[in-house]
Amino acid sequence: MTDEDNRERPRKIVHVDMDAFYASVEQRDNPELRGVPVAVGSPAARGVVAAASYEARKFGVHSAMPSVTAQRKCPDLVFVKPRFDVYKAVSLQIRAIFAEYTPIIEPLSHDEAYLDVTENLKGMEIATEIAAEIRARIKAATGLTASAGISYNKFLAKMASDQNKPDGQFVITPKNGPAFVERLPIKKFHGVGPATAEKMYRLGIETGADLKERTLDFLVEHFAKSGPYFYGIARGIDNRQVRPDRVRKSVGAEDTFSADIHSYGPAREGLQTLIEKVWGYCEANEIGAKTVTLKVKYADFSQITRSKTVPAPLSAITDLEEVVDLLLAPIFPPRKGIRLLGVSLSSLERRRLETTPQLRLAL
């Protein structure tokens, strides 16, 4: 088969997403928590929910929610301290199952990954059968459920994995991809956060169909480098490859608050979820980081950044938390309200496998 043939042949992409991963691990390991609304995190006044079980989600509890709000929504909520070493060990079990089907695996965090199964190690032709088999293998090996999305590109595979959660899967074919995107509310789009969604609403863009009506020039004018991406996905087009063993130049996360923040406690609380998100990416990809950058955007849209570089790559999430605390404390009291905070890691490098303690745990 020629390179041209490969380009024209639709790819078979599977996005596997574990169901309420942290909370499900805790319910698996402690029978008393099964059927009970569980939140992984701290119940302290400044605590934040890292993950919520499906029983808790019925009450409106979700990750990144302040613990006091979660307790108000669900008075019977049981908080469990996170065990990141256990989550990583389970994640490695799951990764080993993926590797039996394809070497083209792009982890996004401990609990989700893209797999390109176009040419797979099992010689299986039907991607939905591969996804179903992988999910069954995960359940047998870990006792946990996973959901999957199957499509011809990464964006649609990611969207599909949310359709039949928990413990289900969904396929979006090249034939129905564009129509699926047109019906999708813009806030559901992967890559469209709350702040971007609000901007799109102001521009009259509420669905994929609305987005598709906008020209490329319009989207570039209003969304800069993200414009071409939005233009493509509105048409069901996403040419990004599943990239295994990729070391990015940086990884970051940010959040715009519903109300401006003026004190240290809520700011630090809001940062915790961002810290866990970027650290989860590094852990899942066996990457170390030396430079931590804190981004602060004020109510008047002015912004500052503060960075610190350490001599050796950070080895634990507690190390990252310590550096973030050092960067955050000096900006308080702030000169004006804070509307956005972000954390990014750079100076990334691949860790040496033999020095990773969690890998030894999984052997």
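The values are calculated or read from the model by the stated rules, or taken from the named source; none is laboratory data. The shown structure was predicted, so the numbers you read here are calculated from the model rather than taken from an experiment. Virtual Cβ from ideal backbone geometry, glycine too; neighbours counted across all protein chains shown. Heads up: the accessible areas ignore ligands, DNA and RNA and are worked out on the full protein's heavy atoms, side chains in. Shrake-Rupley method; radii C 1.70, N 1.55, O 1.52, S 1.80 Å.
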Item to check | In the range 186-225, the residues that are surrounded by 16 or more Cβ atoms within 10 Å (Cβ to Cβ), under 21 Å from the mean Cα position of the chain (by Cα), assigned to a helix (DSSP H, G or I) and hydrophobic (A, V, I, L, M, F, W, C) | outcome: Ile186, Ala197
Next on the checklist: Contact list please: Cβ distance under 6 Å, first residue in the range 159-178 and under 15 Å from Thr145 (Cβ atoms), second residue open to solvent by 10 Å² or more (accessible area, probe 1.4 Å) and hydroxyl-bearing (Ser, Thr, Tyr), pairs at least six apart or on different chains.
Outcome noted: Pro166/Thr145; Asp167/Thr145
Checklist outcome for this item: Picking from Glu119, Glu129, the residue that is open to solvent by 60 Å² or more (accessible area, probe 1.4 Å) and in a helix (DSSP H, G or I) would be Glu129
Item to check | Residue in the range 101-116 that is surrounded by fewer than 20 Cβ atoms within 10 Å (Cβ to Cβ), without any contact (Cβ under 8 Å) to a residue 40 or more places away in the chain and not polar (S, T, N, Q) present | outcome: no
Item to check | Which listed residue is open to solvent by 10 Å² or more (accessible area, probe 1.4 Å), more than 20 Å from the chain's Cα centre (by Cα) and in contact (Cβ under 8 Å) with a residue 40 or more places away in the chain, from Ala299, Ala312, Ala267 | outcome: Ala299
Item to check | the range 234-254 - residue that is modelled with pLDDT of 85 or more and among the charged types (D, E, K, R) and, of those, most open to solvent (accessible area, probe 1.4 Å) | outcome: Arg243
Checklist entry - Out of Glu133, Glu100, which single residue is acidic (Asp, Glu) and out of contact with any helix residue (DSSP H, G or I) (no Cβ under 9 Å at 6 or more places or on another chain)? => result Glu133
Checklist entry - Is it fair to say Leu340 is under 20 Å from the mean Cα position of the chain (by Cα) and either surrounded by fewer than 12 Cβ atoms within 10 Å (Cβ to Cβ) or over 25 Å from Lys88 (Cβ atoms) (or both)? => result yes
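Out of Leu115, Leu108, report the one residue that is at pLDDT below 95, within 21 Å of the chain's Cα centre (by Cα) and under 18 Å from Gln169 (Cβ atoms).
Checking each option against the conditions leaves just Leu108.
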Checklist outcome for this item: Residue hits (the range 272-296; open to solvent by less than 10 Å² (accessible area, probe 1.4 Å), modelled with pLDDT of 90 or more and assigned to a strand (DSSP E or B)) are Ala289, Val292, Leu294, Val296
Next on the checklist: Take the conditions under 25 Å from Gln163 (Cβ atoms) and open to solvent by 30 Å² or more (accessible area, probe 1.4 Å) and apply them to Pro10. Does it pass?
Outcome noted: yes
Checklist entry - In the range 171-185, what residues are within 15 Å of Gly236 (Cβ to Cβ) and not charged (D, E, K, R)? => result Val171, Ile172, Thr173, Pro174, Asn176, Gly177, Pro178, Ala179, Phe180, Val181, Leu184
Item to check | Identity of the residue in the range 132-185, among the charged types (D, E, K, R) and part of a loop (DSSP other than H, G, I, E, B), that ends up least open to solvent (accessible area, probe 1.4 Å) | outcome: Lys165
Checklist entry - Mind checking which residues of the range 226-245 are part of a loop (DSSP other than H, G, I, E, B) and aromatic (Phe, Trp, Tyr)? => result none
Next on the checklist: I need every pair where a residue in the range 197-210 that is under 14 Å from Glu221 (Cβ atoms) has its Cβ under 6 Å from the Cβ of a residue that is in a helix (DSSP H, G or I) and β-branched (Val, Ile, Thr), sequence separation at least 6 or different chains.
Outcome noted: Met200/Ile186; Ile205/Ile186
Next on the checklist: Only one of Leu361, Leu353, Leu326, Leu348 is hydrophobic (A, V, I, L, M, F, W, C) and modelled with pLDDT of 90 or more. Can you tell me which?
Outcome noted: Leu326
Item to check | In the range 64-93, residue nearest to Gly193 (Cα to Cα) [restricted to those that are surrounded by fewer than 21 Cβ atoms within 10 Å (Cβ to Cβ), of a type in the set (A, V, I, L, M, F, W, C) and touching a residue at least 40 places away in the same chain (Cβ under 8 Å)] | outcome: Ala64
